[in-house]
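What follows is a set of notes on a single structure, which appears directly below.
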Amino acid sequence: MKIFRITARIIIGLVFIFSGIVKAIDPLGSAYKFHDYFQAFNLEFLNNLSLPLSICLCTAEFISGFSVLTGFRQKTGIWGVFILLVIFTPVTFILALTNPVSDCGCFGDAIHLTNWQTFGKNIVLSGLLILLFTGRNHIRNIFSKTTEWIITFIVISLFILFALVNLRYLPVIDFLPYKTGVKIADKMVIPVGAPADKYSTTFIYEKNGVKKEFNINNYPANDSTWTFIDQKSILIKSGYKPPIHDFIITSLNGEDLTQKILSFSGYSVLMIAKKLSEAGQKSLADGFELGNFCMVNGINFYILTSSGKDDMKNYENGLTFCSADETTLKTMIRANPGYLLIKNGTILGKWSWTNVPEKQWFLKQAEH
């Protein structure tokens, strides 16, 4: 039994540590996932709690796994894992049944699991937890209780600091499709022979005032006594989706600028502000100043936002404002505003508003 408990400790500890770390690397991504859940379950009044809940969850997961694996406050860690599984196992079961959000986000953007896979994972972890929970009264402290609590609080503090650094700047590891070095157009290609979406199509016909549904195999195509009324198509299996499938940039007058931006052989800076009203006014002003400098020195500069045209007009300043899908902008960069430097459609650099290079740095790149 001892070897089984040691195995359970290692598996549970590593899974929870990994889950906590990948969320802490991208706390804003986890906040977006909370926001999606709140939208799906009509809990929009909780939207402002998305980011605090994101940081609390990743910290709770990490420290629970850390305690279980290392033995520091191990009994407390077991209780932490127990509480998390008691909360999230039923939640993931409901998500698996209803599927309001396709990816649970339990491993951030590092590993994508379906809701059923996540529920299965939680069931396995719950089984392993039983081994630890039944033997919790035999656990002995490694050091004194006070020493272990001090170590635990130090680890918690360092972990939260790590999450906040990733939040203020950019994730230390980029799990998103728009990584530095990526040629955007290459990630938009669907390989030959890739599976396509599969739909179930139902045809509705009427005869003698009676409506009847048919499928593709038995609809009365050659029977003129039936009158076609409508058809319904339901997606039953998703096909292949390229990593980047929604990169569409349009100007304020509706012109599609996507290919123009991706095929430009010179340098372009994309200033990404998913919502102009949510960005700091100073950071926007600094971005506009950078934009004017770039345009004067032959570097294309585009401001990408999902804000409405009326909001954009409030900031009209001679720079090129473009519309893009909000989810796309969130996926491109975890900052508001954030910046991408591209050339020939290849991403050469990414920065948050907090660490974007000085204007002269961009000029030096263009002169090379």
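Taken together, the values in this text are just the output of simple stated rules run on the coordinates, not laboratory data. Everything numeric in this text was worked out from a predicted model, so none of it was measured. Every residue, glycine among them, receives a Cβ derived from its backbone with ideal geometry; neighbour counts consider all protein chains shown.
A Cα-only calculation for the stretch 198-237 places Rg and Dmax at 10.8, 36 Å.
Report, ordered by chain and residue number, the aspartates and glutamates lying within cross-link reach of Lys343, taken as a straight Cα distance under 20 Å and ignoring same-chain residues fewer than 8 apart. Partners within reach: Asp174, Asp186, Asp246, Asp256, Glu358, Glu367.
Go through Lys309/Lys350; Lys309/Lys364; Lys33/Lys145; Lys187/Lys364; Lys198/Lys313 and tell me which ones have a Cα-Cα distance over 31 Å in this structure. Result: Lys309/Lys364; Lys33/Lys145; Lys198/Lys313 exceed 31 Å. Tell me the net charge near Asn292. Cut-off is 15 Å between Cβ atoms, Asn292 excluded, with +1 for each Lys or Arg and -1 for each Asp or Glu. Taking every Cβ under 15 Å from that of Asn292, the sum is -3. Here Lys2 and Val165 are evaluated by their C-beta separation; at R0 = 45 Å the FRET efficiency comes out at 0.70.
For the stretch 93-188, what class follows from the C-alpha gyration tensor (a ≥ b ≥ c being the square roots of its eigenvalues): rounded when a/c is under 1.5, otherwise prolate if a/b is larger than b/c, else oblate? Verdict is oblate for the stretch 93-188.
Students often get this wrong: which residues of the stretch 254-289 have the backbone nitrogen under 13 Å from the point 7 angstrom along Cα-to-C-beta of Lys313? None, by backbone N distance to the label point. Remark: the stretch 250-367 projects, on average over all directions, an area of 6.6 nm² (convex hull of Cα atoms). Each peptide in 263-269, 187-193 receives the mean, over its residues, of other Cβ atoms within 10 Å, and ordering these scores from highest gives 263-269, 187-193. Temperature 4 °C, viscosity 1.567 mPa s: under these conditions the Stokes-Einstein estimate for the stretch 195-326, based on its Kirkwood radius over C-alpha pairs, is 68 µm² per second. Pairs of Cα atoms in the stretch 2-168 fall into 5 Å distance bins, from 0 up to the last occupied one, in shares of 1, 9, 17, 21, 20, 15, 10, 5, 2, 0 percent. Could you work out the relative contact order of the stretch 250-367? I mean the mean sequence separation of Cα pairs under 8 Å and 6+ apart, divided by the number of residues, in percent. Contact order relative to length: 34 percent. For the chain, relative contact order (Cα pairs under 8 Å, six or more residues apart, normalised by length) works out to 15 percent. For the chain, the equivalent ellipsoid built from the Cα gyration tensor has semi-axes of 41, 36, 17 Å, listed from largest to smallest.
Beta bridges assigned by DSSP with both partners in the chain are antiparallel in approximately 80 percent of cases.
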